[in-house]
Amino acid sequence: MSHTVTSPDGVRLAVQTSGDATSPTVVAVHGYPDDHTVWDGVVADLSVDHRVVTYDVRGAGGSDAPRDRAGYRLDRLTDDLVAVLDDVAPGQQVHLLAHDWGAIQTWHSVTDPRLAGRVASFTSISGPDLDHVGAWFRKRRSRRDTLRQALSSWYTVLFRLPVLPELIWRSGLGARVLGGPAPLTRNAVNGLELYRANIAERLGNPQPRGTDVPVQVLAPTLDRYVTAPLQTEIEPYAPDLRVRRIPGGHWVPRSRPAVIARCVRELVAHVEGGPEAPSLRRARAGTGRWTDRLVVVTGAGSGIGRETAKAFASRGARVIAADRDLATAEETVGLLGGRGAAMQVDVSDGAAMEEFAKRVAADHGVPDVVINNAGIGMAGSFVDTSVADWQKIIDVNLWGVIHGCRQFAPLLQEHGEGGHIVNVASAAAYTWARTLSAYATTKSAVLALSECLRAELADDGIGVSALCPGFVHTNITATTRFVGADAATEQRRRNATTAAYAKRNYTPDRVAQAVVRAVEKDVALAPVTPEAHVTLALSRLTPGLLRAVARRDLGPK
């Protein structure tokens, strides 16, 4: 439904409403050089259970343009928002959603006493308060952040020049020069006055004001114009602040409307008295890097899996410790200081992994990190390795990783806030040995899968790391299958291997620290032990030497 609202200075604003009038009201304010249609995807999603109001700001879409530059000042834009609220929600609180210049003007409005008590929440995308910007540039901070934002803001200088920017837009070159979707010429030309009327004054003499309104900043990670630090370093002005980094560019309302709608829905539901969604809770400002993050670890009942669970929990994360043996998973959780839950799953069972992922999402939320760690060992000659042996090691070491990636990657993509997957491979993935054909084959496949998946998920802000440890003292040696040997010989070889690894004494907790570093630094390939680093270098520089070593039988007798 569309109608017109008149602002105090006589400018008529085109207003659109969707959804049930008895539902919470969300008012969305667009930016430059857009009009209300930038919200179409968000409106379609959000209006299912909310009343959504959009309007064309002055000079854009179906709204009137002011007669002079003064009509584009921020105080006049606040007049417009007040007029819209008085019309669509008289005497009621509303939830505000705004993008780009819409967010800039809405920041000005929510810190204006005239809207005291009228705003229940505010979600800001790519549009900081100009007074906050002025104060931000004056503070001592990273030179790199300051320089990066200054370079990203080059267009603000262009737009304040006379004549030239109008010529660029009217020639049709604007979208090519500046990037983004091609706007209506009227929107682009009229909106230039926003820059000319406000930038110099606000940045030259900033008077930053704060707000007690619950604020959610959605910061696109690939925004070409507004960097994340500029948007998010605002704790002094918004004490009830949540920050969420959304993979995508400046126009995420168009490219990822479902993600924007979900984030708004979660904040509105909580402000209206509902429980706080896990992802919303994790977005609270001032929390640590891992506070309340959700980490899923398979094979967490012992060894590297257990230590990895402990490493993340010690940093404040919540951990789902999964293992085929529930008792050992519960033992791990008992070591996490109340920051975990145990679940039983056989990673080689595709149906079980599908159900496992659904249970994690339903009971705990979408994870931030998934660590596909479960694996088994196998050694012996190729000719002694039976089809059943091959099937078993492929089912666990390769299919287990495939199942984990297949089930959790789509959840991370749909959630739209990035994440990380760690696939535990081995230095055997690139270090050849005559007695490890089956084991090395599965680990090489895990490495290749990880590299391919990393490329595929990059645009979603999801990192993928392949972890490649060398000789680590875990209980995998005590359960390794030695093919072609009788029971007594197999046990003797297990004992000898375990003793050798114990003498090497590279402990799983050191590997766990490498897992955390790989996630924090978004490392593609993470060799862990010294021999893993050395053999990786040799595999690239002198592969012939490794092949010569591989011909020697260095395994336990």
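Every read-out reported here was derived from the displayed coordinates using simple, explicitly stated rules and does not represent laboratory data. Owing to the predicted nature of the structure, the values given are computational and were not obtained by experimental measurement. Ideal geometry is used to build each Cβ from the backbone, glycine not excepted, and the neighbour counts take in all protein chains shown.
Hey, which aspartates and glutamates would be in cross-link range of LYS392, C-alpha to C-alpha under 13 Å, not counting anything within fewer than 8 residues on its own chain?
ASP346, ASP349
Out of every Cα pair in the range 2-282, what percent are spaced more than 24 Å from each other? All intermediate terms of the calculation are to be shown ahead of the outcome.
Values: 18132 of 39340 pairs.
Summing the P(r) of the range 2-282 above 24 Å gives 46 percent of all pairs.
With a ≥ b ≥ c the root eigenvalues of the C-alpha gyration tensor of the range 1-100, is it rounded (a/c under 1.5), prolate (a/b larger than b/c) or oblate? Can you show the working numbers first?
Working: a/c = 2.04, a/b = 1.52, b/c = 1.34.
Cα axes put the range 1-100 in the prolate bin.
Given N residues in the range 168-294, what is its alpha carbon radius of gyration divided by 2.2 N^0.38 Å? Before the final figure, lay out each step's value.
Values: Rg = 17.6 Å, N = 127, 2.2 N^0.38 = 13.9 Å.
Computed over Cα atoms of the range 168-294, the ratio equals 1.27.
Remind me, relative contact order of the range 139-251 in percent, using alpha carbon pairs under 8 angstrom and six or more residues apart?
Details: 109 pairs, mean separation 29.0, N = 113.
RCO, the range 139-251: 26 percent.
From Cα pairs below 8 angstrom and at least 6 apart in sequence, can you work out the relative contact order of the range 2-282, rounded to a whole percent? Walk me through the numbers on the way to the answer.
Numbers: 508 pairs, mean separation 57.3, N = 281.
Taking the mean separation of contacting Cα pairs over the length of the range 2-282, I get 20 percent.
Among THR479, THR535, THR489, THR22, which comes first, second and so on when ranked by fewest other beta-carbon atoms within 10 Å?
On the way: THR479 10, THR535 23, THR489 13, THR22 7.
Ordered by Cβ neighbours within 10 Å, fewest first: THR22, THR479, THR489, THR535.
Please list, in chain and number order, the residues 5+ apart from VAL243 or on another chain whose amide H is under 5 Å from its amide H, with Hs placed from the backbone.
When sequence neighbours closer than 5 places are left aside, the close amide H contacts are VAL217, ARG284, ALA285.
Go through the range 135-228 and name the trypsin sites (Lys or Arg not before Pro) that are in a DSSP coil and have 11 or fewer other Cβ atoms within 10 Å of their Cβ. Don't skip to the answer; put the middle values down first.
Working: sites: ARG138, LYS139, ARG140, ARG141, ARG143, ARG144, ARG148, ARG160, ARG170, ARG176, ARG186, ARG196, ARG202, ARG209, ARG224; in loops: LYS139, ARG140, ARG141, ARG160, ARG209, ARG224.
Passing sites in the range 135-228 are LYS139, ARG140.
With a Cα-only, solvent-free Debye model of the range 336-478, what are the log10 I(q)/I(0) values at q = 0.10, 0.12, 0.13 Å⁻¹?
With one equal scatterer per Cα and no solvent, log10 I(q)/I(0) is -0.36, -0.52, -0.61.
Given that just one value was derived from the coordinates, which of (i) 94, 48, 40; (ii) 62, 60, 49; (iii) 135, 79, 41 is Cα extents along the principal axes in Å?
Working out Cα extents along the principal axes in Å from the coordinates points to (i).
How big, on average over all directions, is the shadow cast by the Cα convex hull of the range 245-357, in nm²? Walk me through the numbers on the way to the answer.
Details: hull surface 36.7 nm².
For the range 245-357, the mean projected area of the Cα convex hull comes to 9.2 nm².
So what's the back-of-envelope 222 nm ellipticity for the chain, counting only DSSP H runs of four-plus at -39500 (n - 2.57) apiece and dividing by all residues, rounded to 500? Before the final figure, lay out the partial values.
Details: 24 runs with 254 residues, N = 557.
Result for the chain: -13500 deg cm²/dmol, rounded to the nearest 500.
Sort ASP49, ASP80, ASP292 by Cβ crowding within 10 Å, fewest neighbours at the top. Mind dumping the intermediate values first?
Numbers: ASP49 14, ASP80 24, ASP292 18.
Arranged by neighbour count, lowest to highest, ASP49, ASP80, ASP292 become ASP49, ASP292, ASP80.
Got the relative contact order for the chain handy, in percent, Cα pairs under 8 Å and 6 or more residues apart? Don't jump to the answer; show the numbers that get you there.
Working: 1102 pairs, mean separation 55.6, N = 557.
Answer for the chain is 10 percent.
Give, as ranges by residue number, the residues of the range 52-94 whose backbone N falls under 11 Å from the point 7 Å along Cα→Cβ of GLU201.
69-77
Between ARG517 and SER381, what FRET efficiency follows from the Cβ-Cβ distance if R0 is 41 Å, with the result rounded to 0.05? Walk me through the numbers before you get to the answer.
Values: r = 37 Å, r/R0 = 0.89.
FRET efficiency, ARG517 to SER381: 0.65.
Of LYS443/LYS521; LYS139/LYS521; LYS358/LYS521, which sit over 25 Å apart, Cα to Cα?
Cα-Cα > 25 Å for LYS139/LYS521; LYS358/LYS521; rest within.
First measure r as the distance between the Cβ atoms of ARG289 and ALA487, then evaluate 1/(1 + (r/R0)^6) with R0 = 41 Å and state the FRET efficiency to the nearest 0.05. Each step should come with its number before you reach the end.
On the way: r = 49 Å, r/R0 = 1.19.
Calculated transfer efficiency: 0.25.
What order do you get for CYS452, CYS405 when you list them from fewest to most C-beta neighbours inside 10 Å?
Numbers: CYS452 11, CYS405 21.
Lowest count first: CYS452, CYS405.
Largest first, please: the extent of the C-alpha atoms of the range 294-550 along each principal axis, to the nearest Å.
For the range 294-550, the Cα extents along the three principal axes come out at 48, 40, 33 Å.
Could you give the distance between the Cα centres of the range 72-140 and the range 441-473, to the whole Å?
Using only Cα atoms, the two centres lie 44 Å from each other.
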